[in-house]
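Enquirer: Dropping the structure in here first, questions after.
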Amino acid sequence: MKVFCVIPAFNEHKNITAVVKEIKSLVDRVVVVDDGSTDQTYNLAKAGGAMALKHIINRGQGAALRTGTEYSLANGADIIIHFDADGQFSGQDIAKITAPIKQGAAQVVYGSRFLDSRGNTAMPFFKKYFIMPLAKAVNRIFFQINLTDPQSGFRAMSAEAARQISWQQDGMAHCSEIMFEVKKNKLQVAEVPIAVVYHNFGQSFFGGLKIIKDLLIAIIVN
Amino acid sequence: MPQQAIALIIIAFFIARLYWQKKKNHIGANEFLFWLIFWLLAAGLIIFLKSIDKLVSELGFSGSGIEVLLYLSVAILFYFVFRLRLKFEKIEKDLTKIVKNIALKDK
């Protein structure tokens, strides 16, 4: 099965070479989508051996993932992985996240930072004890989605699932939208434990509010 | 009343500006027509303010005609902001589509 790893990157010249190097041997193709970076991200990704695509202006992580996913579908990917460019995720977890799809046990697999203690020890306190439980509760109560890590950006999906999922959010709200789409299309889901190394806080409280605002506007517009 | 005269002068100024903008082709025919009707309607409401006062009190509003017009205009402005927001969202989506297509084409 052909595995493509899509990495959206915005001004990640410090990390992109190492990330591409780590992943290159673990998948069939690394697709870096440079989301309008003003630094050397695109050139470094290309030099590192990745298939580099360039957004001429910054459109957000959701948009970059969509570009990379469409490229992967058009180029024969059987499994598409979404991965971060900042080096927070571990390449070691790629085999784990693709395994349920290869075995036919799932169509979409989410990496979870909460399934073993290794994954979340370094998570900032406020995020671990306030934001994540709140996000989980909202998903469980309002959308009947029971995931241990609803905002994880590390996921894998079969090509068939990727064709059915259509997320419109350009920004960070794509995470929630993908989750809703997976539920709507009744796709088989699995979660696997992943490790995350935190370099910064990630999504802030106000970032979380922006996600809710984006999702509400999308509901009104559509 | 002097207030009405001042308001009509201001409206006349905006209509004149609108006319010049149309003449210089800075705005399209639809845009010109929309704003012309808007300002003429505003002028009409100001000229017939007394009748509006009467109508408003008959409808059971406690404020005067001009106050009710102000409330209405705020509500209409909110609606326009909402419309603009929707339009803006659509433009954003189209922009992303263009950026994506360029990225896939220039690979």
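Read the figures in this text as sums done on the coordinates, not as results from a lab. All of these numbers come straight from a predicted model, not from anything done at the bench. Because the Cβ atoms are built from the backbone with ideal geometry, glycine has one as well, and the counts that use them run over all protein chains shown.
Enquirer: Taking only DSSP H segments of four or more residues, each worth -39500 (n - 2.57), what value at 222 nm results for chain A once the sum is divided by all its residues, to the nearest 500 deg cm²/dmol?
Expert: Working: 8 runs with 85 residues, N = 222.
Theoretical 222 nm ellipticity from helices: -11500 deg cm²/dmol.
Enquirer: If I build a Gaussian network model for chain B, linking alpha-carbon pairs within less than 10 angstrom, which residue out of B:E67, B:E92, B:E31 has the largest mean-square fluctuation?
Expert: Between B:E67, B:E92, B:E31, it is B:E92 that shows the largest mean-square fluctuation.
Enquirer: Also, quick follow-up: Give the residue list of trypsin sites (Lys or Arg not before Pro) in segment B:1-35 that are DSSP loop and have at most 12 other beta-carbon atoms within 10 angstrom. Can you show the working numbers first?
Expert: Details: sites: B:R17, B:K22, B:K23, B:K24; in loops: B:K24.
Taking segment B:1-35 and a limit of 12 other Cβ atoms within 10 Å, the loop trypsin sites (Lys or Arg not before Pro) found are B:K24.
Enquirer: Let me ask another. Given the pairs A:K21/A:K136; A:K54/B:K22; A:K213/B:K100; A:K213/B:K54; B:K24/B:K105; A:K2/A:K186, which are separated by over 31 angstrom at their Cα positions? It would help to have the intermediate numbers written out before the result.
Expert: Numbers: A:K21/A:K136 34 Å; A:K54/B:K22 41 Å; A:K213/B:K100 24 Å; A:K213/B:K54 43 Å; B:K24/B:K105 39 Å; A:K2/A:K186 24 Å.
A:K21/A:K136; A:K54/B:K22; A:K213/B:K54; B:K24/B:K105, as the Cα separations exceed 31 Å there.
Enquirer: Still on this structure, please answer the following. Normalising by the residue count of chain B, find the relative contact order in percent from Cα pairs under 8 Å and 6+ residues apart. The partial results should precede the final answer.
Expert: Values: 38 pairs, mean separation 17.7, N = 107.
Over chain B, the number comes to 17 percent.
Enquirer: Starting with the fewest neighbours, write out B:I27, A:I79 ranked by other beta-carbon atoms found within 10 Å of each beta-carbon. Walk me through the numbers on the way to the answer.
Expert: Details: B:I27 15, A:I79 25.
Fewest-to-most ranking of B:I27, A:I79: B:I27, A:I79.
Enquirer: Take A:T17, A:T98, A:T148 and order them by how many other Cβ atoms sit within 10 Å, fewest up front.
Expert: Working: A:T17 18, A:T98 24, A:T148 15.
Result, fewest neighbours first: A:T148, A:T17, A:T98.
Enquirer: Additional query: For a quick check: with amide H placed at 1.01 Å from N, whose amide H comes under 5 Å from A:L53's, ignoring anything fewer than 5 positions away on the same chain?
Expert: A:V32, A:V33, A:D34
Enquirer: Right, here's the next one. Starting at the first residue of segment A:209-216, write each ³J(HN,Hα) from the Karplus equation 6.51 cos²θ - 1.76 cosθ + 1.60 with θ = phi - 60°, in whole Hz, x for Gly and Pro.
Expert: My calculation for segment A:209-216 gives 5, 5, 4, 4, 4, 4, 5, 5 Hz in order.
Enquirer: Across 5 Å bins from 0, what is the distribution of all Cα-Cα pair distances for chain A, in whole percents?
Expert: Spelled out per bin, shortest first, that is 1, 7, 15, 20, 22, 18, 12, 4, 1, 0.
Enquirer: Here is a follow-up. Please list 3J(HN,Hα) in residue order for segment A:192-198, calculated via the Karplus relation 6.51 cos²θ - 1.76 cosθ + 1.60 where θ = phi - 60°; whole Hz, with x for glycine and proline.
Expert: These are the phi-based 3J(HN,Hα) values: 10, x, 10, 9, 10, 9, 8 Hz.
Enquirer: Which whole-number percent is the relative contact order of segment B:1-47 (Cα, under 8 Å, 6+ apart)?
Expert: Working: 20 pairs, mean separation 24.2, N = 47.
So the answer I get is 52 percent.
Enquirer: Please rank A:M1, A:M51, fewest neighbouring Cβ atoms within 10 Å first, as an exposure proxy. Please list the in-between numbers first.
Expert: Values: A:M1 11, A:M51 18.
So the residues, fewest neighbours to most, are A:M1, A:M51.
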